[in-house]
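Structure, as structure tokens:
The values are calculated or read from the model by the stated rules, or taken from the named source; none is laboratory data. Just so you know, these numbers come straight off a predicted model, no measurement behind them. We place every Cβ from the backbone using ideal geometry, glycine too, and count neighbours over all the protein chains shown.
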Amino acid sequence: MEEIEGFIVKDAPPTVYYIPDFITEAEEEYLLQQVYKAPKPKWTQLSGRRLQNWGGLPHPKGMISEKLPDWLLSYTEKISGLGAFAGKSANHVLVNEYKPEEGIMPHEDGPLYHPTVTTITLGSHTLLDFYRPVDQTQTEVPQTEESRYVLSLLLQRRSLLILQDEMYERYLHGIGSVAMDTLTESVANLALAGRRVGSDTITTEPGKLRSDALREQSEPADNLCSQDLPSFTGHLVVVYVLLGVYSAARRKRSYLTVHHFSLSFPSDVESAAVPLIFPH
């Protein structure tokens with residue numbers, strides 16, 4: 001993990017790594033093509049999302065494994081090569097697709113998974129929100145999502161996110177069912193994400209403000225408020241992909257090591273764009 005120590009998000013609990021431009025534009029396009037080349041039977045429709053399952057169906061009693069396709073194997077190897085999974089490679093993939101104004105409630109991935117998750121974002125951005133779990137001993141004050149909210153992470157296209165330790169094991173994560181994403185000081189990785197802000201990833205409406213961290217790291221920062229830049233085309237489809245090393249020995253307290261990455265991409269920019277703005 002030494003080679004990515006410079007990408008730690010210091011304004012979040014342990015441990016978050018955020019790496020802009022982890023893959024190339026060509027790789028991004030390739031992954032999108034492969035996701036949608038999958039036969040229709042690979043998709044399962046759920047409430048508010050649909051998913052693909054690759055590698056087998058995890059279960060506490062075991063999993064009948066299936067070989068991952070080559071287009072997924074190459075990225076499990078690339079991510080595992082960073083040392084994020086302690087020398088192991090993934091054998092399970094779950095692809096979750098979210099359409100515009102769809103999201104997922106705050107949740108945890110459960111004890112079958114090793115406490116590491118990685119996310120690659122394709123095609124556009126999304127915001128991943130984090131929450132404290134409900135305190136069962138606290139009954140006097142209502143525990144709403146708003147009161148339990150901790151922070152958000154901005155996942156830009158082609159970036160890699162790695163969640164470990166407290167950020168993965170303690171906090172719940174979710175995606176808001178919104179038509180517009182607004183960046184505030186609660187977005188913990190703006191300093192790292194801002195390295196690419198002002199090129200082809202994020203723009204703001206003229207006169208909108210940005211955080212100090214973003215102002216310092218953006219290249220070029222002045223582009224953020226340029227009237228010449230197009231409005232940001234936000235996440236149109238968000239796809240979570242879980243890749244992991246599954247162990248059937250659950251009773252021995254072994255875990256499914258997870259690579260978790262998000263693919264988000266435009267399908268109809270004119271009708272379904274989700275803008276990303278900075279508030280006054």
Do we have any residue at all in the range 121-143 that's among the hydrophobic types (A, V, I, L, M, F, W, C), at pLDDT below 90, surrounded by fewer than 20 Cβ atoms within 10 Å (Cβ to Cβ) and in contact with a Ser or Thr (Cβ under 9 Å, 6 or more places away or on another chain)? yes
All but one of (1) of a type in the set (A, V, I, L, M, F, W, C); (2) farther than 22 Å from LEU192 by Cα; (3) under 12 Å from the mean Cα position of the chain (by Cα) hold for ALA86, so report the exception by its number. (3)
Hits in the range 95-134 (condition: within 25 Å of LEU72 (Cβ to Cβ) and without any contact (Cβ under 8 Å) to a residue 60 or more places away in the chain): GLY110
Across the range 58-75, what is the number of residues that are within 22 Å of the chain's Cα centre (by Cα) and modelled with pLDDT under 85? 1
Condition first: under 18 Å from VAL9 (Cβ atoms), among the β-branched types (Val, Ile, Thr) and not in a loop (DSSP other than H, G, I, E, B). Now tell me which residues in the range 176-190 satisfy that. VAL187
I want to confirm something. Restricting to the range 144-172 and keeping residues that are among the basic types (Lys, Arg) and not in a helix (DSSP H, G or I), which single residue is surrounded by the most Cβ atoms within 10 Å (Cβ to Cβ)? ARG157
Do any strands (runs of 3 or more DSSP E) lying entirely in the range 1-116 carry at least 3 residues that are surrounded by 14 or more Cβ atoms within 10 Å (Cβ to Cβ), and which ones are they? 16-19, 49-54, 92-98
